[in-house]
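Following: one structure in structure tokens, then a few remarks.
The values are calculated or read from the model by the stated rules, or taken from the named source; none is laboratory data. Not measured: the values here are computed from a predicted model. All Cβ positions, glycine included, derive from the backbone under ideal geometry; neighbour counts span all protein chains shown.
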Amino acid sequence: MVAQDSPLRFPCDFPVKAMGAAVPQFAAEVVAVVRRHVPDFDAARAEIRASSAGRYLSVTCTVRATSRSQLDALYRDLTGHPLVKVVL
């Protein structure tokens, strides 16, 4: 899809969910990556949920996205992080 064909209208609020193993630093690592792309993201707004067995965590960060390229770069960094298994 070409960036100008995006159904999103910027700026907009956009939820990004990262999932990985339930290790103590997981949420902080995800928030650190998000802040590289959205410096004013408030970590207190991150929603953290454990899986039913407690082996995995999901961290949802709703960011104020300003462009498609910003979101693409954020997704690339999150998917490349060694603790992150899935990004939605």
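Within region 32-44, how many residues turn out to be out of contact with any Cys (no Cβ under 7 Å at 6 or more places or on another chain), in a helix (DSSP H, G or I) and either among the aliphatic types (A, V, I, L, M) or more than 15 Å from V87 (Cβ to Cβ) (or both)? Residues meeting the conditions: 5.
In this structure, L78 does satisfy being assigned to a helix (DSSP H, G or I), in contact (Cβ under 8 Å) with a residue 12 or more places away in the chain and surrounded by 15 or more Cβ atoms within 10 Å (Cβ to Cβ).
For the structure I just gave you, tell me whether A53 is modelled with pLDDT of 95 or more, in a loop (DSSP other than H, G, I, E, B) and aliphatic (A, V, I, L, M). So A53 passes the test.
Say we look at region 14-31 and pick out the residues that are part of a helix (DSSP H, G or I) and closer than 12 Å to A50 by Cβ; which of these is nearest to the chain's Cα centre (by Cα)? So the residue we want is A27. Would you point out the residue of region 35-75, among those that are hydroxyl-bearing (S, T, Y) and within 11 Å of G20 (Cβ to Cβ), that is surrounded by the fewest Cβ atoms within 10 Å (Cβ to Cβ)? Only one residue fits best here, namely S51.
Hey, can you tell me all the residues within region 64-75 that are in contact (Cβ under 8 Å) with a residue 40 or more places away in the chain and charged (D, E, K, R)? Selection gives R64, R68.
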